[in-house]
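S.K.: Got a structure here, written out as structure tokens. Questions coming.
Derivation of every value follows stated rules applied to the coordinates shown; laboratory data play no part. Please read these numbers as outputs of a predicted model, since none were measured by experiment. Quick reminder, even Gly has a Cβ in these numbers, built from the backbone with ideal geometry, and neighbours come from all protein chains shown.
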Amino acid sequence: MRIVLLGPPGAGKGTQAKRLAERLSLPHISTGDILRQNVKDATALGKEAKDYMERGLLVPDELMSKMLLERFSQSDIKKGFILDGYPRNFSQAQTLEEIFKQKNLDVDMVVYLDSSDSVIIQRLSGRLVCSVCGANFHIRNMPPKNKGVCDKCQGALFQRSDDREETIKKRLEVYKNEVSSLIKYYQDKKKLYRLAADGDAGLVLEEIIALTKKIA
Ligand SMILES: [Zn+2]
């Protein structure tokens, strides 16, 4: 089963992708993790990416797509995968299709996690991210065992500057503008499934699992 998870920031893509990957015994592929791993392993692509990051710049699409191509060349994705965090816009969707073509892969389902703005703002404005391993916590919904410290690696937790309320609203605007063409793209391919994702994360997960059984 090859699944792509889409949704606005704060809709719970990362959480759902991780749990889904565990339940279906499939690798969880996230662009954030690929980037961190490449930087950590000091691969040629990772070094190039680090250079951009150290200058406070976004990693260019072209570099990210090379890392994705490399990731989709590994053998653990043969049985399927859960991809989250990519694509974010139409041009990335086309890049992904190119990569899949090269690797003889196709997507089985694209799940769009639909969340209301108020829920997203509540979720994101309380989010804490580990500065070392990237794990997510939440001040109210999922607090770390020790304040300010990551449960998994003891790294320091911080609030991303773009998780402040006024920036979240701007991010949502940008996302909505970009995702509409993406939704249409996958709708036309008859791959898109929309799910309401405001509710309990466990229930949303069960709904995704039910969908995978339906299309399997
Ligand atoms: Zn950590």
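S.K.: Which entries of K101/K191; K103/K176; K18/K147; K103/K213; K40/K101 show an alpha-carbon separation above 20 angstrom in the structure shown? Before the final figure, lay out each step's value.
M.R.: Values: K101/K191 16 Å; K103/K176 30 Å; K18/K147 23 Å; K103/K213 25 Å; K40/K101 29 Å.
The pairs that break the limit, which is 20 Å between Cα atoms, are K103/K176; K18/K147; K103/K213; K40/K101.
S.K.: Would you mind computing, in nm to one decimal, how far apart the modelled labels at A196 and K101 are, each placed 7 Å from Cα along Cα→Cβ?
M.R.: In this crude spin-label approximation the distance works out to 3.9 nm.
S.K.: Follow-up. Mind listing the phi-derived Karplus ³J(HN,Hα) values for the stretch 68-83, rounded to whole Hz, using 6.51, -1.76 and 1.60 with θ = phi - 60°, and x for any glycine or proline?
M.R.: 5, 4, 5, 5, 6, 8, 7, 6, 5, 8, 4, 7, x, 6, 10, 9
S.K.: Rounded, prolate or oblate: which fits the stretch 165-206, taking a ≥ b ≥ c as square roots of the Cα gyration tensor eigenvalues, rounded meaning a/c under 1.5, else prolate when a/b beats b/c?
M.R.: Working: a/c = 4.63, a/b = 1.07, b/c = 4.34.
Verdict is oblate for the stretch 165-206.
S.K.: Another question about this same structure. Can you give the extra length, in nm with one decimal, that the chain gains between A44 and Q154 once fully stretched, where that is 0.36 nm per residue apart less the Cα-Cα distance? Before the final figure, lay out the partial values.
M.R.: On the way: separation 110, 0.36 × 110 = 39.60 nm, distance 2.86 nm.
The span from A44 to Q154 would gain 36.7 nm if fully extended.
S.K.: What is the Rg over Rh value, at two decimals, for the stretch 85-208, using alpha-carbon atoms and the Kirkwood definition of Rh? Write down the numbers at each step before the final one.
M.R.: Values: Rg = 16.9 Å, Rh = 16.6 Å.
Here Rg/Rh amounts to 1.02.
S.K.: Relative to the compact-globule scaling 2.2 N^0.38 Å, provide the ratio for the alpha-carbon radius of gyration of the chain. Please list the in-between numbers first.
M.R.: Details: Rg = 17.0 Å, N = 216, 2.2 N^0.38 = 17.0 Å.
It is 1.00.
S.K.: Report the FRET efficiency, 1/(1 + (r/R0)^6), for K189 and K147, where r is their Cβ-Cβ distance and R0 is 35 Å, rounded to 0.05. Before the final figure, lay out each step's value.
M.R.: Numbers: r = 46 Å, r/R0 = 1.31.
Using R0 = 35 Å, I get an efficiency of 0.15.
S.K.: What do you get for Rg/Rh of the stretch 137-195 when both radii come from the Cα atoms and Rh is the Kirkwood radius?
M.R.: Numbers: Rg = 17.2 Å, Rh = 14.6 Å.
Value, to two decimals: 1.18.
S.K.: Mind listing the long-range amide H neighbours of L6? Cut-off is under 5 Å, sequence gap 5 or more, other chains count too, H placed in the peptide plane at 1.01 Å from N.
M.R.: The answer is V111, Y112, L113.
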